[in-house]
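A.B. asks: Pasting a structure below so you can have a look.
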Amino acid sequence: MKLLPRLLGLGLLGLLLALVTMSCESSKTATNEFGSPNRIKGEVIAKPESRQIVHFTDSSTEYKTPRSELAKAFIRQFNDGTVIDKIQVRKAPVDAGTVATYYLIGMGLRSGTFRAMALPLTSGGDNTFYLRPSAERYTLSSTGCPACFFNFENGRIVGTSCSESSPGSHCDLKIEPNNELFANAR
């Protein structure tokens, strides 16, 4: 009969240790996907698959991902011989009272024809903008146009226009639901 009290004692000791361990675990500081403590409430935390692109100050635009790296990523994304030679971040025109949308735009040529791609950026707070892999991809291809332009309506890309109105000249817009700009760049 001395075995029963020992087993009960060991069982209670094991239960007590388990409760102490769980209470210590629940008192840990909450962490985000990066393993660092969560930030102040209201500040957006970027997911690890998002890429920081640009930070705006009152007087300048600071590219957090170098333009040369962005150009290489656009070339990989096109994957058809398009050479990107111009990278910019542009604010889309919006109606008064509407939150501004910014787009990362890469422009270049493929076999002498104009090509461009625009990707909407997500605000990370504090005038910093990120590119998400789930961000739409707007691709322009020209036929007989020296340059094509994205047409906007209330901060969204809704069409294209050609820089010259020659017969047979037009710009085609293709919209894809996501992008792989930095999928293989890690």
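A.B. asks: Here is a check on your reading of the model: is ILE157 surrounded by 19 or more Cβ atoms within 10 Å (Cβ to Cβ), among the hydrophobic types (A, V, I, L, M, F, W, C), under 17 Å from ARG51 (Cα atoms) and over 12 Å from the mean Cα position of the chain (by Cα)? Let's see the steps before the verdict.
C.D. replies: Working: surrounded by 19 or more Cβ atoms within 10 Å (Cβ to Cβ): yes; among the hydrophobic types (A, V, I, L, M, F, W, C): yes; under 17 Å from ARG51 (Cα atoms): no; over 12 Å from the mean Cα position of the chain (by Cα): yes.
Here the answer is no, as ILE157 does not meet what is asked.
A.B. asks: Checking MET107 against (1) in a loop (DSSP other than H, G, I, E, B); (2) open to solvent by 20 Å² or more (accessible area, probe 1.4 Å), which test does it fail?
C.D. replies: (1)
A.B. asks: For the range 124-141, which residues satisfy the criterion of being assigned to a strand (DSSP E or B) and either at pLDDT below 90 or open to solvent by less than 10 Å² (accessible area, probe 1.4 Å) (or both)?
C.D. replies: The answer is LEU131, TYR138, LEU140.
A.B. asks: Give the residues of the range 160-186 that are of a type in the set (Val, Ile, Thr) and more than 20 Å from the chain's Cα centre (by Cα), sorted by residue number.
C.D. replies: THR160
A.B. asks: Taking the stated definitions as given, is CYS148 open to solvent by less than 40 Å² (accessible area, probe 1.4 Å), farther than 22 Å from TYR63 by Cβ and in contact with a His (Cβ under 7 Å, 6 or more places away or on another chain)?
C.D. replies: It is false that CYS148 is open to solvent by less than 40 Å² (accessible area, probe 1.4 Å), farther than 22 Å from TYR63 by Cβ and in contact with a His (Cβ under 7 Å, 6 or more places away or on another chain).
The values are calculated or read from the model by the stated rules, or taken from the named source; none is laboratory data. Predicted model, so just to flag it, every value in this text is computed and none were measured. Backbone-built Cβ (ideal geometry, glycine too); neighbour counts: all protein chains shown. SASA here: full protein model, heavy atoms, side chains in, ligands and nucleic acids out. Shrake-Rupley method; radii C 1.70, N 1.55, O 1.52, S 1.80 Å.
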